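A short worksheet on the structure shown next.
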């Protein structure tokens, strides 16, 4: 009887040890896969920015590396036009700055640009006073975004200095826990779209993967209380056209530059809703469910901002260009969103 009991205990311990070993092997395998292919999970805000380089590496003659200051302060389209005019030949300015970016993140983004075939002749690097401080406030972001098994020896001294060894071990040894939310979101998209649509779905869920144009006539209506409501109506509406160009990607949102060829009431809001991506904070053309998580992050207004206006030369007046940076409240919201 005693021998049989000991055998059962020994068998139970063996099963437990095998279970622990298989669990750890699975975690290590997932960490290797996330290191190699997991950029949409680890750094989704940079996916769309780097995507054009995969097919056109010549876009990176001049690259801009930095944080939200460089991202919001430098418009690559206008910088490309102005620099090409000054030099007298085509020059492409490519923006590789991301929110909450500092020197280690800039180095990582530069490596990604080079890996995609970009060969920039000039790199504009943002250096702020906090980048040079001994204490790195963004170490947790680095661990989530860019620390891999390969570059761990480089980061480990500073990780230990910042007392962040716990988050590091979770990210390396327990990736299914550390990245559980983005991995679960990707699994849901794969289940809903199937394998054929997954490569596009992981970029489009809550985000715009590339420029989209909406050409839909708009008509103004009035509700019972006198409130204006604009709807798409191809028969009675006035011609309206908007072009949405993604500027930054987030897990559930996209920062877009919108170019309008007409100036109808609520045009951007209605056309964005027609794409299935209503403007953040828009409770008229969006839904409460879409607005609730953004409000929890501090968004208390409609996320619309007129950042650039150009008037052509006419009747003796010179061409006029006006630009205005994002207000502080919207910049802070983007940093929290990232």
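Once segment 256-287 is narrowed to residues that are in contact with a helix residue (DSSP H, G or I) (Cβ under 8 Å, 6 or more places away or on another chain) and more than 29 Å from residue 311 (Cα to Cα), the residue that is modelled with the lowest pLDDT is 286.
May I ask you to verify whether residue 104 is over 22 Å from the mean Cα position of the chain (by Cα) and more than 19 Å from residue 248 (Cβ to Cβ)? Outline the logic, then answer.
Values: over 22 Å from the mean Cα position of the chain (by Cα): no; more than 19 Å from residue 248 (Cβ to Cβ): yes.
It is false that residue 104 is over 22 Å from the mean Cα position of the chain (by Cα) and more than 19 Å from residue 248 (Cβ to Cβ).
Residue-wise test of (1) under 23 Å from residue 215 (Cα atoms); (2) touching a strand residue (DSSP E or B) at 6+ places or on another chain (Cβ under 7 Å); (3) assigned to a loop (DSSP other than H, G, I, E, B).
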site	(1), (2), (3)
257	yes, yes, no
263	yes, no, yes
269	yes, no, no
273	yes, no, no
279	yes, no, yes
282	yes, no, yes
300	no, no, yes
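Please determine whether any residue of segment 314-330 is surrounded by 11 or more Cβ atoms within 10 Å (Cβ to Cβ) and either on the phi > 0 side of the Ramachandran plot or outside the structural domain of residue 244 (by TED's automatic domain parsing) (or both). Checking segment 314-330: not a single residue is surrounded by 11 or more Cβ atoms within 10 Å (Cβ to Cβ) and either on the phi > 0 side of the Ramachandran plot or outside the structural domain of residue 244 (by TED's automatic domain parsing) (or both). Scanning segment 63-87 for residues that are over 16 Å from residue 325 (Cα atoms) and in contact with a helix residue (DSSP H, G or I) (Cβ under 7 Å, 6 or more places away or on another chain) turns up 63, 64, 65, 66. Among the residues that make up segment 300-307, is at least one of them surrounded by 18 or more Cβ atoms within 10 Å (Cβ to Cβ) and farther than 30 Å from residue 52 by Cβ? No - not one qualifying residue is present in segment 300-307. Within the span defined as segment 125-145, one or more residues are at pLDDT 80 or above, buried (at least 20 other Cβ atoms within 10 Å of the Cβ) and under 22 Å from residue 255 (Cα atoms). Residues that are modelled with pLDDT of 85 or more and over 20 Å from the mean Cα position of the chain (by Cα) within segment 62-78 comprise just one, 62.
All of (1) farther than 27 Å from residue 245 by Cβ; (2) in a loop (DSSP other than H, G, I, E, B) hold for residue 167 with one exception: (2). Scanning segment 229-255 for residues being within 12 Å of residue 213 (Cβ to Cβ), modelled with pLDDT of 85 or more and surrounded by fewer than 17 Cβ atoms within 10 Å (Cβ to Cβ) gives a total of 2. Residues in segment 51-74 that are surrounded by fewer than 18 Cβ atoms within 10 Å (Cβ to Cβ) and within 21 Å of residue 101 (Cα to Cα): 51, 52, 69, 73, 74.
The values are calculated or read from the model by the stated rules, or taken from the named source; none is laboratory data. Being a predicted model, the structure only gives us computed values, none of them experimental. Note: ideal-geometry Cβ built from the backbone for every residue, glycine included; neighbour counts use all protein chains shown.
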